[in-house]
Amino acid sequence: MIKSIAVMTSGGDSPGMNAASRAVVRTALFTGAKVWGINNGYHGLLEEDMFEMQSKNVGDIIQRGGTFLGTARCRRWQTPEGRMQGYKNLVDRGIQGLVVIGGDGSLRGAELLSQETGFPIVGLPGTIDNDVWGTDYTIGCDTAANTIIDAINKLRDTASAHRRAIVLEVMGRSSGWLAMTAGISGGAEYILVPEEEYDLDEIAKEMKASYDAGKRYIMIVVAEGAGSGKKIGQELWEKSGIDTRVSILGYVQRGGSPSVIDRVKASMLGESAALAILSGLSDIVFGFQKGNVVSINLHDAVTNKKHLDPDLIHLAKVLA
Ligand code: F6P
């Protein structure tokens, strides 16, 4: 039985990361194991910025967005020398397993550590993008989607007041899940995602026809991976003649107190990860499929591309 593990958060932060870290720590302590916190992701692992945790270290954090451990994007981790240094820093402290909470890039970095050193790794999908293969859910995606629909609700007011079209650009890196889910929930007329072709001439023509028929305003949600919201807004204004304004939601999507779904699901994943690493399992990522916690092979999770649900894409067209 493993008796000492570490947990870290890496890559883009997301609401619910604290709930996941808290569950890893409290589950490990509950079994009588030691648990270390690594500050600032792989950067902290290389700088030996780590500390042994007690239950109180994860008190009063479940409601907080971001990650109390800190995170970073670490170039040195991209090198075998960097990873070997990280491995040494873990072993020197008697740490026998590592839980990495992060997106696909962070999980890929974890896989390299495991491949090069055999060090036990369990991953959790921590990203608002919901773009990790093998899981229907990633920590933070629900809170981020709710942040977006709050913005859509507010934008509809001013769009309606001025009879304007509004383009809202949202995050998701190269995945359209946030745009699609929030666009459908927010009742957007158009949702542009990297997974689907779109024709701005066609959209502009339809916009003009709807305005001629008396439509008061139009919401267009654009995933950042589908193009520049600013450029798309400009083009639609020129092509349709409709006063079109642009909002780029940006980093507000990464913050905020996590939703109930993110807190509960992140806690379930954190418990599963701690129990797995303590029982000697490695090279797996925990996620959700059809509402149940599942374990996914780490290599599969980082080498396969997750596809946007075609039923969601169809639904958006039907409801527009
Ligand atoms: O991966 C999460 C994410 O928020 C993406 O949606 C976004 O494109 C990216 O991180 C931004 O990265 P950074 O925080 O390094 O600017």
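Annotations for the structure displayed:
- Scanning segment 8-33 for residues that are more than 16 Å from the ligand (Cβ to nearest atom), surrounded by 18 or more Cβ atoms within 10 Å (Cβ to Cβ) and not β-branched (Val, Ile, Thr) yields Met8, Asn18, Ala19, Ser21, Arg22, Ala23, Arg26, Ala28, Ala33.
- When Glu235 is tested against the conditions (1) closer than 28 Å to Ile128 by Cα; (2) crowded, with 17+ Cβ neighbours inside 10 Å, the lone failure is (1).
- Condition check for Ile5: crowded, with 21+ Cβ neighbours inside 10 Å, assigned to a strand (DSSP E or B), at pLDDT 95 or above and within 16 Å of the ligand (Cβ to nearest atom): no
- Test: Arg64 is within 16 Å of the ligand (Cβ to nearest atom) and surrounded by fewer than 24 Cβ atoms within 10 Å (Cβ to Cβ): no
- Criterion violated by Leu312 - all others in (1) more than 16 Å from the ligand (Cβ to nearest atom); (2) in the same structural domain as Ile121 (by TED's automatic domain parsing) satisfied: (2)
- Criterion: in a helix (DSSP H, G or I) and within 16 Å of the ligand (Cβ to nearest atom) - qualifying residue of Tyr42, Tyr87: Tyr42
- Residue count for segment 285-294, restricted to those that are more than 18 Å from Met17 (Cα to Cα) and surrounded by 15 or more Cβ atoms within 10 Å (Cβ to Cβ): 1
Yes or no, residue by residue, for (1) assigned by TED's automatic domain parsing to the domain that holds Val293; (2) crowded, with 24+ Cβ neighbours inside 10 Å; (3) in contact with a His (Cβ under 6 Å, 6 or more places away or on another chain):
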{"site": "Gly123", "(1), (2), (3)": "yes, yes, no"}
{"site": "Gly126", "(1), (2), (3)": "yes, yes, no"}
{"site": "Val132", "(1), (2), (3)": "yes, yes, no"}
{"site": "Asp157", "(1), (2), (3)": "no, no, no"}
{"site": "Arg163", "(1), (2), (3)": "no, no, no"}
{"site": "Leu168", "(1), (2), (3)": "no, yes, no"}
{"site": "Ala182", "(1), (2), (3)": "no, yes, no"}
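- When Asp150, Asp129 are checked against the criterion of being within 20 Å of Gly256 (Cβ to Cβ), at pLDDT 95 or above and within 14 Å of the ligand (Cβ to nearest atom), Asp129 stands alone in meeting it.
- Inter-residue pairs, beta-carbon under 7 Å, first assigned to a helix (DSSP H, G or I) and in segment 244-265, second of a type in the set (Asp, Glu) and within 14 Å of the ligand (Cβ to nearest atom), 6+ apart: Arg254/Asp13
The values are calculated or read from the model by the stated rules, or taken from the named source; none is laboratory data. All values derive from a computational prediction rather than experimental measurement. Note that each Cβ is placed from the backbone with ideal geometry, even for glycine, and that neighbours are counted across all protein chains shown.
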